[in-house]
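Visitor: Sharing a structure, written as structure tokens. Questions coming.
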Amino acid sequence: MFNAITHSQIYVLDQDEALDFYVGKLGLEVSADVDMGFMRWLTISVPGHPDRQILLEKPGPPAMSEETAQQVRELVSKGATGGHLIFSTDDCRKTYATLLSRGVEFTEEPTDRPYGTDCGLRDPFGNHIRFTQPKA
């Protein structure tokens with residue numbers, strides 16, 4: 001049976017803008033950037049952890065018709081596609097301050113919760129992102 005999750009996917013409206021955000025601001029790294037002709041296979045990962053990649057997929061063919069892709073793009077821009085990423089960090093408040101200085105806009109400041117400290121933001125396309133410092 002299965003022994004790992006290797007790839008997850010979120011929709012982005014512009015893959016170059018997604019690279020600027022996820023790599024340039026959040027500090028992730030490119031795992032693959034391949035022009036397949038019919039689509040661009042663009043994945044990122046946490047530095048040093050290429051075993052778990054996130055596909056930054058632009059809605060469109062071959063996965064869906066142009067009509068469906070337009071509907072998906074509208075939902076993405078509203079944050080309504082269910083795209084969620086949750087990262088862990090050793091120091092939530094320090095990571096928050098670093099990302100804030102890089103121009104990242106947050107939807108929720110670091111907050112102490114029963115499971116640890118976390119905060120929230122959205123990428124430029126409306127996908128929800130959280131990062132958590134688990135309780136020791």
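Each row is one residue, and each column tells you yes or no for (1) within 29 Å of residue 134 (Cα to Cα); (2) of a type in the set (Phe, Trp, Tyr); (3) modelled with pLDDT of 95 or more.
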| site | (1), (2), (3) |
| --- | --- |
| 42 | no, no, yes |
| 47 | yes, no, yes |
| 75 | no, no, no |
| 83 | yes, no, no |
| 97 | yes, no, yes |
| 122 | yes, no, no |
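Visitor: Would you confirm whether any residue within the range 85-107 is among the charged types (D, E, K, R), touching a residue at least 60 places away in the same chain (Cβ under 8 Å) and either open to solvent by less than 60 Å² (accessible area, probe 1.4 Å) or assigned to a strand (DSSP E or B) (or both)?
Guide: No, because not a single residue in the range 85-107 is among the charged types (D, E, K, R), touching a residue at least 60 places away in the same chain (Cβ under 8 Å) and either open to solvent by less than 60 Å² (accessible area, probe 1.4 Å) or assigned to a strand (DSSP E or B) (or both).
Visitor: Name the one entry in 58, 78 that is in contact (Cβ under 8 Å) with a residue 24 or more places away in the chain, in contact with a helix residue (DSSP H, G or I) (Cβ under 7 Å, 6 or more places away or on another chain) and basic (Lys, Arg).
Guide: 58
Visitor: Here's something else I'd like to know. I'd like to verify a number: residues in the range 1-49 that are in a strand (DSSP E or B) and either of a type in the set (Phe, Trp, Tyr) or under 16 Å from the mean Cα position of the chain (by Cα) (or both), how many?
Guide: Here the count works out to 15.
The values are calculated or read from the model by the stated rules, or taken from the named source; none is laboratory data. Computed from a predicted model, the values in this text were never measured in an experiment. Please note: Cβ atoms are built from the backbone with ideal geometry, for glycine as well, and neighbour counts cover all protein chains shown. Please note that ligands, DNA and RNA were not included when accessible areas were found on the heavy atoms of the full protein model with its side chains. Shrake-Rupley method; radii C 1.70, N 1.55, O 1.52, S 1.80 Å.
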